[in-house]
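Please treat every number below as a calculation from the coordinates, not as lab data. Note that the coordinates shown come from a computational prediction; the quantities given were computed from them, not determined experimentally. Cβ coordinates were reconstructed from backbone atoms using ideal geometry, including for glycine residues, and neighbour counts include every protein chain displayed.
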Amino acid sequence: MAKHKDDPTDAAPTPDAATPNQAPAASPPVPAPPAATAGAAESDAKKKRKRPGVAPRRGKKLRNHLKNVATKVKATSPLPVKQAVAMLKTLKRAKFDETVEVHINTGIDATQSDQMVRGAVSLPHGIGKSVRVVVFCQGDNVQKAKDAGANEAGSADLVTKVQGGWLDFDVAIATQDMMGQVSRLGKTLGPRGLMPTPKAGTVIPANADVANAVKEFKAGKVEYRSDKTGQIHAGVGKMSFDDEKLAANIQTFVDTVRAAKPSGVKGNYINGVVLSATMAPGIQVAI
């Protein structure tokens, strides 16, 4: 029997015709991005080492040198002041003129306000650097301060200048009659340790000589203050100083701190003194 021409079974399926249950063709896979080259990986590693707070890796030669120095210092200290200064100079390896520092471990209770140690001392041989001094004063004292070497001197105009963000100075001195205006700078100068205070000798009484106070700080008068852990740190000179001058500065500083012992301290007041430099390890000093 002949099939009807419209019989669906007679029609051959075309290649383009999709059956109802047939899934669409999958799209070709997207190629993955090329892997980072060795040069890029090395560059990223260098950037990580240069991040703030991440020190570069020390070489084997430097590690051995520092290990030998630490062993030598530990075996010989504590030392008298003059011998400690001589040893510190033998450990110099920096090309610049390093600052010599004194660190004093006190036995004060830093949580008690009456046991805070603060003051200033005029070192006999200075500290080896120029000190920028500003003076808050009025009247004739303005010219006297400038003649004595002050970098800036003034009254209300200088207060306004500091309030505007100018802080290009290392020491701030104020006469007693200016403290009413200078007190407004507490939030600006206080956190930086620049606020004038009688304990540090930066507040000049009415009958004192402004010029003399400026000359003392310009010559190397050092201000010191105990921190939250009861430690006192100060720079007392440069590596280029003679041994005798450095020893005299150190002894003067320690004697001044010892004389400033608060009355409420119980037990040992000075537990230890360490002498160091900018790029040199600490040496215990026998005081």
(message) Given an 8 Å cut-off on Cα distances and at least 6 residues of separation, report the relative contact order of region 130-219 as a percent.
(response) 37 percent
(message) Just to confirm my numbers, what's the Cα centroid distance between region 146-168 and region 263-280 in Å?
(response) 35 Å
(request) Find the Rg to Rh ratio for region 163-278, where Rh is the Kirkwood radius over alpha-carbon pairs and Rg uses the same atoms. (result) 0.99
(request) Sum up the charges of everything whose Cβ sits under 11 Å from the Cβ of residue 243, counting Lys and Arg as +1 and Asp and Glu as -1, but leave residue 243 out. (result) +1
(message) I want the local charge near residue 269. Using Cβ-Cβ distances under 15 Å, sum +1 for each Lys or Arg and -1 for each Asp or Glu among the other residues.
(response) +1
(request) Add +1 for every Lys or Arg and -1 for every Asp or Glu among the other residues with Cβ under 13 Å from the Cβ of residue 106, and state the total. (result) +4
(request) With a 10 Å radius around each residue's Cβ, average the other Cβ atoms per peptide and rank 206-214, 59-67, 256-264, highest first. (result) 206-214, 256-264, 59-67
(request) Show the residues, 5+ positions off or on another chain, whose built amide H is closer than 5 Å to the amide H of residue 120. (result) 224
(message) Taking only the Cα atoms of region 53-161, how large is their convex hull per residue, in Å³?
(response) 257 Å³
(message) Strictly over 19 Å apart at the Cα level, which of 146/218; 129/221; 67/228; 144/215; 238/261 would you flag in this model?
(response) 67/228; 238/261
(request) For region 130-219, list log₁₀ I(q)/I(0) at each q in 0.14, 0.16 Å⁻¹, using the Debye formula over Cα point scatterers of equal strength and ignoring solvent, two decimals each. (result) -0.39, -0.52
(message) Given 20 °C and 1.002 mPa s, compute D for region 233-287 with the Stokes-Einstein relation, Rh being the Kirkwood radius over Cα pairs; round to the nearest whole µm²/s.
(response) 169 µm²/s
(message) Are there any trypsin sites (Lys or Arg not before Pro) in region 95-185 that are in a DSSP loop and have at most 16 other Cβ atoms within 10 Å? List them by number.
(response) 95, 129, 132
